[in-house]
1. Within the range 86-120, can you find the residues that are within 19 Å of E17 (Cβ to Cβ), in contact with a Ser or Thr (Cβ under 7 Å, 6 or more places away or on another chain) and outside any strand (DSSP E or B)?
2. Kindly indicate whether any position in the range 38-53 is among the small types (G, A, S), within 26 Å of D111 (Cβ to Cβ) and not in a helix (DSSP H, G or I).
3. Which of the following residues is at pLDDT 95 or above and basic (K, R): R80, R57, R104, R122?
4. Test D227 against the stated conditions and say whether it is under 22 Å from L77 (Cα atoms) and among the charged types (D, E, K, R).
5. Look at D110 and say whether it is closer than 26 Å to D260 by Cα and touching a Gly at 6+ places or on another chain (Cβ under 8 Å).
6. Of the residues that make up the range 16-25, is at least one in contact with a Gly (Cβ under 6 Å, 6 or more places away or on another chain) and at pLDDT 95 or above?
7. Select from the range 82-124 the residues that are touching a residue at least 24 places away in the same chain (Cβ under 8 Å), within 30 Å of V181 (Cβ to Cβ) and surrounded by 17 or more Cβ atoms within 10 Å (Cβ to Cβ) and list them in ascending order.
Amino acid sequence: MPERPDLDYVIPILDKELRGRTITAVRVKKPVVLRVAVEGKLEELLVGKTIAGVSRRAHFVRFDIGPELELVISPMLAGRFAIHDPKQKAPADLAFTLVLDDGRELRYRDDVQMGKVYTIKRGDDAQVPGLVHVGIDVLDAKKFTRSAFREMAGRRRDQVKVFLMDKTALDAMGNAYADEVMFAARLHPKTLVRALNDVELDRLHDAIVKVLGDAIKTIKKRKPPLDEKVRDFLQVRGRHGEPCPRCGTTLRSAGVHGHDADFCPECQPATRKTGIVDWKGIKRPG
């Protein structure tokens with residue numbers, strides 16, 4: 001899914017390009033992505049309405065549509081946006097299109113169709129799973145302090161990666177940046193949150209802020225197309241089998257509650273018995 005650094009780059013561009021534009025047509029190629037929580041046909045609801053702005057809430061992209069409606073898109077694993085001239089050939093993964101009054105098209109692309117496009121009444125967030133309860137903004141220096149993070153961590157009984165990806169706790173990370181944060185903090189992905197001492201928690205807190213902040217700066221500097229996800233600068237994510245950029249040890253992958261995690265077994269040694277091969281290469285019982 002697009003993660004915080006991706007969305008922090010994409011959303012200001014969408015807001016600048018779409019604010020004040022009127023929707024003249026709606027085209028749906030993959031109806032499976034649609035969720036309409038108001039009465040009426042989608043075309044009748046949206047055509048003629050003006051986009052008042054685009055904003056982010058956690059991993060959701062919110063479009064203010066007219067005085068009464070919102071379009072809320074959860075891109076999930078593969079969702080992405082593009083603004084194109086209609087003469088440009090539609091891609092095979094096109095799911096949903098808004099035609100604008102200036103002739104351009106906002107295209108939502110999703111080749112695995114896991115994302116969702118919700119049409120709701122303004123403020124009716126309960127219609128969108130995961131939209132109501134959103135965690136602390138990890139890039140808000142006034143709210144996301146070391147002490148606040150310690151307090152949150154003290155209530156957790158799960159693994160670090162699970163904690164980092166919990167959108168109701170932290171706003172917001174997915175698989176990729178959770179791996180990057182744990183690498184920066186030198187923590188094994190299966191480490192239990194309750195096993196961390198204050199020094200380690202502070203190191204994890206600081207890694208969250210630095211990794212996400214640096215990624216946002218890097219993506220903005222690179223200025224990729226809206227529908228291009230820039231990840232080639234990541235240290236460990238997607239680099240299973242490659243040498244660790246810090247120590248040269250071969251990077252490995254492990255399963256963590258249904259997710260995969262890429263890590264360095266030397267820089268991020270296991271701190272408890274697991275059912276995987278530990279950092280010394282010895283099989284441990286679960």
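1. The answer is D101, and nothing else.
2. Checked against the condition, which is being among the small types (G, A, S), within 26 Å of D111 (Cβ to Cβ) and not in a helix (DSSP H, G or I), the range 38-53 yields no hits at all.
3. R104
4. Answer is yes for this residue.
5. Judged against the criteria, D110 is a match.
6. Checked against the condition, which is being in contact with a Gly (Cβ under 6 Å, 6 or more places away or on another chain) and at pLDDT 95 or above, the range 16-25 yields at least one hit.
7. Within the range 82-124, A82, Y108, R109, D110, G115, K116, V117, Y118 qualify.
The values are calculated or read from the model by the stated rules, or taken from the named source; none is laboratory data. Note that this is a predicted model, so its numbers are computed, not measured. Neighbour counts are summed over all protein chains in view; Cβ atoms, including those assigned to glycine, are modelled from backbone coordinates with ideal geometry.
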